[in-house]
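A short worksheet on the structure shown next.
The values are calculated or read from the model by the stated rules, or taken from the named source; none is laboratory data. As the structure is a computational prediction, the values presented were derived from the model and not from experiment. FYI the Cβ positions are ideal-geometry reconstructions off the backbone, even for glycines, and counts take in every protein chain you see. SASA here: full protein model, heavy atoms, side chains in, ligands and nucleic acids out. Shrake-Rupley method; radii C 1.70, N 1.55, O 1.52, S 1.80 Å.
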Amino acid sequence: MENKMGFVLTWVLGALLLLTLLFTALLHLPGNLRKHAVQVAGEVQKVYDAESSLLLHLEGIPQSLFPELPPVSAASLGPYERLCATSGSAPTVCITAVAELQGLGYREWHAGIQTYRESLRESILAHPALRRYSGNRRLFEAPGSSYLRVEDGDLRLHLPGSVTALNAFVSGDVVVEGETSYDTLRIYALGRVTLKGDVRAAFLEVAGGELVEVSGTVRFRGMLSARREIALHGHAEALYPSVAIAIGQNDPSVKLDGSARLSGLLAALPGEVRPGDSIMPAFLGEGRLAFEREVRW
């Protein structure tokens, strides 16, 4: 830890020194060019400051050592954590991270997953735009609201083209099919959940009942959870860092058949985590592994 802290501190100090030298050099440029260059350099400085703040936060180094750097805020994003650093009108730099895999007992896993599932359920049901339906529903067009509640029935989604977001609580089964691209797809179902066809989901959260099944050429990144079984068939692909957790006392299992792939965490609990897996949901552990970066101007 001391070696890592020393490396990070050296990196941050080195970056600050290089930017100071850059500003000094810019002062020798002529007139309008100097004004524009100083403005651009100032924006670059702010981005480096934000990135330095995030790096210090990831390594657990107190920000108090560098009070001139912007503060870091954290927000939950399903199995991930979103960390952002900004100050005033400066650009906002954000990273998305998961946790490093740690040794937890079954009770800790179970409590964490239950809390996560309840949080997903409540975030859907408590949304002010929630639209309620009763009985079986089959949708071929995007609904008027991106938040749905289906009581006393099943839900079948076969939507055209691209969908920005869809969030559904269903008391029965859910089938998602067709050739649809979702930016965000979040499902909480008391019954089984099936994804098939050529569905794409940039961010997916599924909390199913006994079974969650993914097949066809479905491609996603996110989290699957079920009380007994999760199965990926065909050419289904879960991009890094995705999480599939079947948890319960009724012989839980997680299966990959055919050419199906999942990069991330595959776990049936109680039992063993798949050998070689190194991540876990951010809400379960400490130590962050960043996998995505974004700068918002």
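Let's see how each residue does on (1) farther than 23 Å from VAL170 by Cα; (2) assigned to a strand (DSSP E or B); (3) open to solvent by less than 30 Å² (accessible area, probe 1.4 Å); (4) modelled with pLDDT of 95 or more:
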position	(1), (2), (3), (4)
SER225	no, yes, yes, yes
ILE230	no, yes, yes, yes
ILE245	no, yes, yes, yes
PHE283	yes, no, no, yes
GLU294	yes, yes, no, no
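Looking at ASP198, ASP251, which is the one that is at pLDDT below 95 and not in a strand (DSSP E or B)?
That would be ASP251, the only listed residue that is at pLDDT below 95 and not in a strand (DSSP E or B).
List, please: which pairs have Cβ atoms under 6 Å, are six or more places apart or on different chains, and start with a residue in segment 86-99 that is over 15 Å from MET280 (Cβ atoms) and end with one that is in a loop (DSSP other than H, G, I, E, B) and modelled with pLDDT of 90 or more?
Once the first residue is over 15 Å from MET280 (Cβ atoms) and sits in segment 86-99, its partners that are in a loop (DSSP other than H, G, I, E, B) and modelled with pLDDT of 90 or more give THR86/PRO70; SER87/PRO70.
Using the structure shown, decide if THR24 is surrounded by fewer than 14 Cβ atoms within 10 Å (Cβ to Cβ), at pLDDT 60 or above and in a helix (DSSP H, G or I).
yes
Take the residues of segment 102-125 that are touching a strand residue (DSSP E or B) at 6+ places or on another chain (Cβ under 6 Å) and of a type in the set (Lys, Arg): which is surrounded by the most Cβ atoms within 10 Å (Cβ to Cβ)?
ARG117
For segment 116-125, indicate whether the set of residues that are without any contact (Cβ under 8 Å) to a residue 12 or more places away in the chain, under 30 Å from GLY60 (Cβ atoms), among the acidic types (Asp, Glu) and out of contact with any Gly (no Cβ under 7 Å at 6 or more places or on another chain) is non-empty.
Yes, the conditions are met somewhere in segment 116-125.
For segment 251-269, how many residues meet the condition of being surrounded by fewer than 15 Cβ atoms within 10 Å (Cβ to Cβ) and either without any contact (Cβ under 8 Å) to a residue 24 or more places away in the chain or in contact with a helix residue (DSSP H, G or I) (Cβ under 9 Å, 6 or more places away or on another chain) (or both)?
The total comes to 1.
Which of the residues that make up segment 126-150 are in a loop (DSSP other than H, G, I, E, B), open to solvent by less than 70 Å² (accessible area, probe 1.4 Å) and not small (Gly, Ala, Ser)?
Correct list: HIS127, LEU130, PRO143.
Among the residues of segment 167-193, which ones are buried (at least 19 other Cβ atoms within 10 Å of the Cβ), of a type outside the set (Phe, Trp, Tyr) and assigned to a strand (DSSP E or B)?
The answer is ASN167, ALA168, VAL170, VAL174, VAL176, LEU185, ARG186, ILE187, ALA189, VAL193.
Look at ALA99 and say whether it is among the small types (Gly, Ala, Ser), under 29 Å from LEU190 (Cα atoms), open to solvent by less than 20 Å² (accessible area, probe 1.4 Å) and in contact with a strand residue (DSSP E or B) (Cβ under 6 Å, 6 or more places away or on another chain).
yes
Take segment 41-90 and flag every residue that is aliphatic (A, V, I, L, M) and open to solvent by less than 30 Å² (accessible area, probe 1.4 Å).
ALA41, VAL47, ALA50, LEU54, LEU56, ILE61, LEU69, LEU83, ALA85, ALA90
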